[in-house]
Amino acid sequence: MRGMPAIAVCLALLLSGCGGPRLSGNETYVTVTPADDEADALPDAQKRCGTYGRIAHFKRMEGKSAVFDCDPR
């Protein structure tokens, strides 16, 4: 019972989404949310596109999301 507060805190932190930006997309594009601007999102987009052997090119902002194309090298 003494460890319950610690478990509750850990669970709250896990569920709060403080693990970094959310990435969605595939080998042709990636969306990074949240992102303040292109420069903020570029490292995450480059990493995701790089998993497909591609490079990220900024396309547009959609609210607090940055959209990148994943172009062939």
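Assorted remarks:
- Matching residues in the range 53-73 - criterion: being outside any strand (DSSP E or B) and over 21 Å from G20 (Cα atoms): G53, R73
- Of the residues making up the range 21-50, those that are within 14 Å of the chain's Cα centre (by Cα) and in a loop (DSSP other than H, G, I, E, B) number 6.
- When the range 53-73 is filtered for residues that are touching a residue at least 24 places away in the same chain (Cβ under 8 Å) and either β-branched (V, I, T) or in contact with a Cys (Cβ under 8 Å, 6 or more places away or on another chain) (or both), the ones remaining, listed by number, are R54, A56, V67, F68, C70.
Read the figures in this text as sums done on the coordinates, not as results from a lab. All values reported here derive from a predicted model rather than from experimental measurement. Cβ sites come from the backbone with ideal geometry, for glycine too, and all protein chains shown count toward neighbours.
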